[in-house]
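Step one of this worksheet: look at the structure below.
FYI, it's all coordinate maths here, none of it is from the lab. This structure is a prediction, so every number in the text was calculated from the model and none was measured. All Cβ positions, even for glycine, are placed from backbone atoms using ideal geometry, and neighbour counts span all protein chains on display.
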Amino acid sequence: LIGVGGVGKTRLAAQVAAEVLPRFADGAWFCELAAAGDAAMLVEGVAATIGARPRPGVSLEASLVEFLRPRALLMVLDNCEHLLDAAGHLAESVLGGCAGVRILATSREALGVDGERLIPVRSLGLPADGDPATATASDAVQLFENRGAAARPGFVIDASNAPSVVEICS
């Protein structure tokens, strides 16, 4: 899943993982990569999340691939953009050595992996103005209103807050 920051790639990946979970005997694993500062930290984070332990005399990446080889699971690699080469290399290693593993990655850019399928996640539509009648017709404002009502029951977009909501959504 590729798209600009804040467009909802992470939320979409989590929803997809939840929906396809029954297809994977060994589950779906969400690997948050935002805090990884380099390739080694990326592999460490993924291995820790999935529960793979390093084997003596074998690199952590090779240990991870060995651990995953007999499994059927979905691995979500979230926030790959700052380590594209490392995330791409890890994805190629895992996919090349583990027939039952699938990867769903989120990033602002493509990983550049053979066979990669890019699914752009576009921004939600914005209203042209702050008029409540037209503002609530936009997807972005509808999402804002839904989240606002979840946080504060009874929240609605009206003439008093529509211009501010439109500004926030923009």
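The figures follow:
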read-out	value
Note, ³J(HN,Hα) from phi for segment 101-112, Karplus 6.51, -1.76, 1.60, rounded to Hz, x at Gly and Pro	9, 10, 10, 10, 10, 10, 6, 7, 9, 5, 7, x
Charge sum, other residues only, whose C-beta stays under 10 Å from Ser107's C-beta, Lys/Arg counted +1 and Asp/Glu -1	-1
Nearest 10 degrees, 0 to 90: helix 9-20 Cα axis against the chain principal axis	70
In segment 64-131, GluC sites (Glu not before Pro) in a DSSP loop with at most 13 other beta-carbon atoms within 10 Å	Glu109
Among Ser63, Ser138, Ser160, residue whose mean-square fluctuation peaks in a GNM of the chain (springs only between Cα atoms under 10 Å)	Ser160
Highest-MSF residue in the chain out of Gly27, Gly37, Gly57 [GNM, Cα springs under 10 Å]	Gly57
Read-out percent of Cα pairs over 22 Å apart, derived from the coordinates shown; its label in (1) 46; (2) 65; (3) 52	(3)
Residues whose placed amide H lies under 5 Å from that of Ile103, excluding near-sequence neighbours	Met75
Value at 222 nm in deg cm²/dmol, rounded to 500, when DSSP H runs of n ≥ 4 in the chain each add -39,500 (n - 2.57)	-12500 deg cm²/dmol
Cα-centred dipole magnitude for segment 41-170, charges only on beta-carbon of K, R (+1) and D, E (-1), debye, nearest 20	640
